[in-house]
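Engineer: Dropping a structure here in structure tokens format, bear with me for questions.
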Amino acid sequence: MKLLKKILKWTAFSILSVVIIFVIIVFSLQNKKFDAPFPNLHATKDSAIIERGRYLAYGPAHCSGCHTPAAEQQKVMNGDELPFKGGLEFVLPIGTLYSKNITPDDETGIGKVADSVLARSLRYGVARDGRALFDFMPFHNLSDEDLIAVLSFLRAQPPVKNEVPDNKLNFMGKAVKAFLIKPVGPDGEVSKTVKQDTTAEYGKYLATYVTNCRGCHTNRSLMTGEYTGPFFAGGLKFESSTEKGAYCVTPNLTPDKETGKITGWTQQQFIDRFRLKKIIAASDMPWDQFRKMSDNDLKAIYQYLISLEPVKNATGPTYVAGASTKK
């Protein structure tokens, strides 16, 4: 009996020691720094380049959907072009994240942040202080030309003073940050410029690196962002922030005859859908920003999607109501 008590005592002591060591390591790695090159890219005051950046930010790249606080989201849906003062909450299993103020305000925004530092954040996922960013901005392969355009537009915005809270991670979030979150760099060589046309090649660039179709229409871990399913085959679940128990599931965009969402759509039908407003209120699809996309950009994305290898993946209904709304 004494031996058993002794074994249990030392087992409990060993487990407690391991837990304490794990906790210490988690907290010690919260400010882990990473090295990444600083792209030699700089903003310009050229009006045409700024306008390209404006088009990307308010349209295909849908920056306004994330860098505008919740109280002003209705204005975004109405088509208003608001400054990107940040503050939108993202409530996730790992905690609450906040979009940053990316107006050129010196105190609360990016006014004093060098262009090369901002370019490094977008291309390599490394924050201005050297820590890894959560991979919410899939612009790592944005061409040099387009990245310069975005930087130029951000510098041309009116500065807005808006202090955004720091991210609030729970312990699971801190553990994820300590061991799993690392900078995500470009996928292959980054182009200096990309020809804007209606080809599937340009559509791939838009759908993968600008509009983030791949990021949402591919199943992935909501803790780390790691892809867990075939590209563009859908299945990613988004819990509703306003309706308890409700959620949306991204549909399969590959041209599978049985399970593909847009299989059978004509190019014009695809474009026409993007000209409509949001149909499912709980959907996170930034329809109001995508409505600003040009016909040619939408044609290119359509051509790319129908060129994909079909993947049979039945994702079920796009929207599932919460218990309170079910009869």
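Engineer: If you roll a 1.4 angstrom probe over the protein chains with everything in place, what fraction of the accessible area of the chain belongs to carbon and sulfur, to the nearest %?
Structural biologist: Values: 10260 of 17650 Å².
It is 58 percent, rounded to a whole number.
Engineer: Considering the Cα trace of the range 1-131, what is its radius of gyration and what is Dmax, both in angstroms?
Structural biologist: 23.2, 84
Engineer: At 25 °C and 0.890 mPa s, what whole-number value in µm²/s does Stokes-Einstein give for the translational diffusion of the range 15-91, with Rh from the Kirkwood sum over Cα pairs?
Structural biologist: Details: Rh = 16.6 Å.
D = 148 µm²/s.
Engineer: Against the globular-protein guess of 2.2 N^0.38 Å, express the Cα radius of gyration of the range 78-123 as a ratio, rounded to two decimals. Each step should come with its number before you reach the end.
Structural biologist: Values: Rg = 12.9 Å, N = 46, 2.2 N^0.38 = 9.4 Å.
For the range 78-123, the normalised Cα radius of gyration is 1.37.
Engineer: Taking the Cβ of residue 313 as the centre, find all other residues whose Cβ is under 15 Å away and add up their charges (Lys, Arg: +1; Asp, Glu: -1).
Structural biologist: Numbers: positive: 214, 220, 237, 257, 261, 312; negative: 256, 258, 309.
Here the count lands on +3.
Engineer: Any idea what the relative contact order of the range 25-85 is, in percent, if you count C-alpha pairs under 8 Å spaced at least 6 apart?
Structural biologist: Numbers: 22 pairs, mean separation 13.6, N = 61.
Relative contact order here is 22 percent.
Engineer: For the range 180-239, report the translational diffusion coefficient in µm²/s to the nearest whole number, using Stokes-Einstein at 37 °C, 0.692 mPa s, and a Kirkwood Rh over Cα pairs. Show your work: numbers first, answer last.
Structural biologist: Working: Rh = 13.1 Å.
This corresponds to a translational diffusion coefficient of 251 µm²/s.
Engineer: May I ask you to list the aspartates and glutamates whose Cα is less than 14 Å away from that of residue 204, ignoring any residue fewer than eight positions away on the same chain?
Structural biologist: Counting by Cα, and skipping residues close in sequence, residue 204 has these aspartates and glutamates nearby: 187, 297, 309.
Engineer: How high is the relative contact order of the chain? Use alpha-carbon pairs under 8 Å, at least six apart in sequence, and give a whole percent. Provide the component values of the computation, followed by the final result.
Structural biologist: Values: 617 pairs, mean separation 60.2, N = 327.
Computed value for the chain: 18 percent relative contact order.
Engineer: Mind checking Rg over Rh on the range 118-157, alpha carbons, Kirkwood formula for Rh? Write down the numbers at each step before the final one.
Structural biologist: Details: Rg = 10.3 Å, Rh = 10.5 Å.
Reported Rg/Rh, Kirkwood definition of Rh: 0.98.
Engineer: At 0.36 nm per residue, minus the direct Cα-Cα distance, what do residue 13 and residue 136 gain on full extension? Give it in nm, one decimal, please. Before the final figure, lay out each step's value.
Structural biologist: Numbers: separation 123, 0.36 × 123 = 44.28 nm, distance 4.06 nm.
Result: 40.2 nm gained on full extension.
Engineer: Could you tell me which of 248, 101, 124 has its Cα farthest along the dipole of the chain towards the positive end, charges placed at Cβ (Lys, Arg +1; Asp, Glu -1), taken about the Cα centre?
Structural biologist: Towards the positive end, the residue furthest out is 248.
Engineer: Further question: On the Cα set of the chain, report Rg and Dmax in Å, please.
Structural biologist: Cα-based Rg and Dmax for the chain come out at 22.1, 84 Å.
Engineer: Let me ask you something else. Taking just the alpha-carbon atoms of the range 190-275, what radius of gyration and Dmax come out, in angstrom?
Structural biologist: Rg, Dmax (Cα atoms, Å): 14.9, 45.
Engineer: Stick to the Cα atoms of the range 180-327, pair each with every other, and give me the Kirkwood hydrodynamic radius in Å at one decimal. Spell out each step's value before the answer.
Structural biologist: On the way: mean 1/r = 0.0608 Å⁻¹.
Here the Kirkwood hydrodynamic radius works out to 16.5 Å.
Engineer: Sorted by packing (mean other beta-carbon atoms within 10 Å per residue), highest first, where do 22-34, 170-182, 38-50 land? Before the final figure, lay out the partial values.
Structural biologist: Values: 22-34: 12.4, 170-182: 17.0, 38-50: 15.0.
Ranking the peptides 22-34, 170-182, 38-50 by packing returns 170-182, 38-50, 22-34.
Engineer: Here's another thing I want to ask about it. In nanometres, what is the gap between the two model label sites at residue 179 and residue 31, each 7 Å from Cα along Cα-to-Cβ?
Structural biologist: Modelled inter-label distance: 2.3 nm.
Engineer: Suppose the chain between residue 40 and residue 221 were pulled fully straight at 0.36 nm per residue; how much longer would it get relative to their current alpha carbon spacing?
Structural biologist: On the way: separation 181, 0.36 × 181 = 65.16 nm, distance 3.27 nm.
Extending this stretch completely gives an extra 61.9 nm.
Engineer: Could the peptides 235-248, 130-143 be put in order, highest first, of the mean number of other beta-carbon atoms found within 10 Å of their residues? Provide the component values of the computation, followed by the final result.
Structural biologist: Details: 235-248: 16.0, 130-143: 18.6.
Most protected by this proxy first, the peptides run 130-143, 235-248.
Engineer: When ligands, DNA and RNA are left out and all protein chains stay put, how many square angstrom of accessible area per residue does the chain have with a 1.4 Å probe? Present the calculation step by step, with values, prior to reporting the outcome.
Structural biologist: On the way: 17650 Å² over 327 residues.
Spelled out: the 1.4 Å probe surface of the chain, per residue, equals 54 Å².
Engineer: Here is a follow-up. Please tell me which of these pairs span more than 29 angstrom C-alpha to C-alpha: 85/292; 192/299; 174/244; 161/277; 177/261; 182/312?
Structural biologist: Working: 85/292 21 Å; 192/299 23 Å; 174/244 26 Å; 161/277 31 Å; 177/261 35 Å; 182/312 31 Å.
Long pairs (Cα-Cα over 29 Å): 161/277; 177/261; 182/312.
Engineer: GluC sites (Glu not before Pro) within the range 99-178: which are DSSP loop residues with at most 14 other Cβ atoms inside 10 Å? Show your work: numbers first, answer last.
Structural biologist: On the way: sites: 107, 145, 163; in loops: 107, 163.
Counting only loop positions with at most 14 other Cβ atoms within 10 Å, the GluC sites (Glu not before Pro) in the range 99-178 are 107, 163.
Engineer: Taking the range 97-164, how much of its Cα-Cα pair set, in percent, is spaced more than 20 angstrom apart? Could the numbers behind the result be given before it?
Structural biologist: Details: 572 of 2278 pairs.
So the pairs more than 20 Å apart make up 25 percent of the total in the range 97-164.
Engineer: So what's the range 125-194 giving for Cα Rg divided by 2.2 N^0.38 Å, two decimals? Before the final figure, lay out the partial values.
Structural biologist: On the way: Rg = 15.3 Å, N = 70, 2.2 N^0.38 = 11.1 Å.
Against the compact-globule rule of thumb, the ratio is 1.39.
The values are calculated or read from the model by the stated rules, or taken from the named source; none is laboratory data. Small disclaimer: the values here were computed from a predicted structure and weren't measured. All Cβ positions, glycine included, derive from the backbone under ideal geometry; neighbour counts span all protein chains shown. The protein model used for the area step is the full one, side chains on, heavy atoms only, and it has no ligands, DNA or RNA in it. Shrake-Rupley method; radii C 1.70, N 1.55, O 1.52, S 1.80 Å.
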